[in-house]
1. Inside segment 148-198, can you point out the residues that are surrounded by 13 or more Cβ atoms within 10 Å (Cβ to Cβ) and polar (S, T, N, Q)?
2. Kindly establish whether VAL302 is over 29 Å from TRP76 (Cα atoms) and either buried (at least 22 other Cβ atoms within 10 Å of the Cβ) or touching a Gly at 6+ places or on another chain (Cβ under 6 Å) (or both).
3. Determine, yes or no, whether VAL190 is in the same structural domain as PRO135 (by TED's automatic domain parsing), in a strand (DSSP E or B) and touching a residue at least 40 places away in the same chain (Cβ under 8 Å).
4. Scanning for something of a type in the set (Ser, Thr, Tyr) and surrounded by 16 or more Cβ atoms within 10 Å (Cβ to Cβ), does segment 209-224 turn up at least one residue?
5. Across segment 8-23, what is the number of residues that are under 15 Å from ASN318 (Cβ atoms), of a type outside the set (Gly, Ala, Ser) and assigned to a helix (DSSP H, G or I)?
6. Suppose the filter is under 24 Å from VAL351 (Cβ atoms) and either without any contact (Cβ under 8 Å) to a residue 24 or more places away in the chain or within 20 Å of the chain's Cα centre (by Cα) (or both); does GLU262 pass it?
7. Can you name every residue in segment 19-51 that is of a type in the set (Gly, Ala, Ser) and buried (at least 24 other Cβ atoms within 10 Å of the Cβ)?
8. State the number of residues belonging to segment 95-106 that are under 27 Å from GLY150 (Cβ atoms) and either of a type in the set (Val, Ile, Thr) or free of Cβ contacts under 8 Å to residues at least 40 places away in the same chain (or both).
Amino acid sequence: MRILLVNQAFHPDVVSSGQHLKDLAIALAERGHNVTVVTSRRAYDDPYKLFQKCEIWRGIKIYRVFNSGFGKLTKWRRAADFMTFLISCSMRMLSLPKPDVVLALTSPPLVSVIAVAFANLRGAKFCYWIMDLNPDEAIAAGWLTPNSFGAKCLERLSLYSLRNAEKIVVLDRFMEKRILDKKIPAEKVVIIPPWSHDSEIKYDEVGRSRFRALHGLQNKFVIMYAGNHSPCHPLDTILAVAKKMAEDDLQLFFCFVGGGSEHRRVKEFALLHKLQNILCLPYQPLEQLGEVLSAADLHFVVMGNPFVGLVHPCKAYNLLRINAPILYMGPRPSHISEILDELNNQLASAVTSHGDVTAAVKSILELKQVVFQAKRKDCVSLDGRYSKETLLPQLVAAIESTYQKN
């Protein structure tokens, strides 16, 4: 079967969607499928970093196309980067042989529209792997006004992708409900969460010591936020906690690892308030992620109140792999709150609300006492429910089933 995968990020990019798409592409190629990927030449979070234009990697044909590198500082820059990618992506796809199945993710927004239009043009099946739901996310973030002309146009384009998809892969039951509320047939929709990186992520005591020594974190209680820094995961309360803790407890240290539009704001906040207890690092290579995550004593997982079912904090699965204590800041119910409830104290964790600095500080101090008495060598598996070994074959089967319906 000839399968075309379309997304802004792919190997060797370190952003999550690119890494998960890489896993899928390898699995499909190993099953004998002819796999082609159309993606961007520019690294997702570093527009100055360029990858090889064309290559065959592990039997996968990769075409990396042009897009402008204005970056994420303003909306017009992001829009220009998105549009130039979509145009280049469309031109490249038109030059490719007819595929049997086209699968698109959701980066950038509207990439599914050109993918489904191409699939219809070539008589291929279309699969839609939704990592985040737009324009719903843009409206929830305040980037679009509800019922505006732009929002209505984008919603129609989104519905065009959903209605023309043979299979729609969503990440949790909250996202499924949002799709079903759009009158999409339930038989099209399947829930498959993004998996943990089983082979790369494990608790690493040696790596933990190495990372902490490298960044001067010995004898510190390290609180980490690792992943995408976006308005969907608001960090204002965490920053307020860091500011308060700088005055009250010199042993507490906050480490922000990753990228996104809000990563720069964290740096600016630390400089503005002259905080010495904040460290900002870029996305780390996947092969080093185990040691980075192991270096923290407590991890923040954050979900903005309006974003349940629109985005999915998949970082939690890697944290379960290393039995990392979690402080979840966000609404209930959500996918993360349900996981923590199901664990029923098997994992050191707490749940707080946005804006409640006092409660967050209290939870951190309580977890600090628990963590000092805990051992972190065994993962919390939830029966392997979120492992790559469990979930990746489900996704492969869903894609293969769309063509087998012919």
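The values are calculated or read from the model by the stated rules, or taken from the named source; none is laboratory data. Just so it is clear, the structure is predicted and the values come from calculations on it, not from any experiment. Every residue, glycine among them, receives a Cβ derived from its backbone with ideal geometry; neighbour counts consider all protein chains shown.
1. Correct list: SER158, SER161, ASN164, SER196.
2. Details: over 29 Å from TRP76 (Cα atoms): no; either buried (at least 22 other Cβ atoms within 10 Å of the Cβ) or touching a Gly at 6+ places or on another chain (Cβ under 6 Å) (or both): yes.
Judged against the criteria, VAL302 is not a match.
3. Working: in the same structural domain as PRO135 (by TED's automatic domain parsing): yes; in a strand (DSSP E or B): yes; touching a residue at least 40 places away in the same chain (Cβ under 8 Å): yes.
So VAL190 passes the test.
4. Just the residues of segment 209-224 that are of a type in the set (Ser, Thr, Tyr), to begin with: 209.
Next cut, surrounded by 16 or more Cβ atoms within 10 Å (Cβ to Cβ) only: none.
No; the residues of segment 209-224 include none that is of a type in the set (Ser, Thr, Tyr) and surrounded by 16 or more Cβ atoms within 10 Å (Cβ to Cβ).
5. Matching residues across segment 8-23 total 3.
6. Values: under 24 Å from VAL351 (Cβ atoms): yes; either without any contact (Cβ under 8 Å) to a residue 24 or more places away in the chain or within 20 Å of the chain's Cα centre (by Cα) (or both): yes.
Against the criterion (under 24 Å from VAL351 (Cβ atoms) and either without any contact (Cβ under 8 Å) to a residue 24 or more places away in the chain or within 20 Å of the chain's Cα centre (by Cα) (or both)), GLU262 qualifies.
7. Of segment 19-51, the ones of a type in the set (Gly, Ala, Ser) are 25, 27, 29, 32, 40, 43.
Scanning segment 19-51 gives ALA25, SER40.
8. 2
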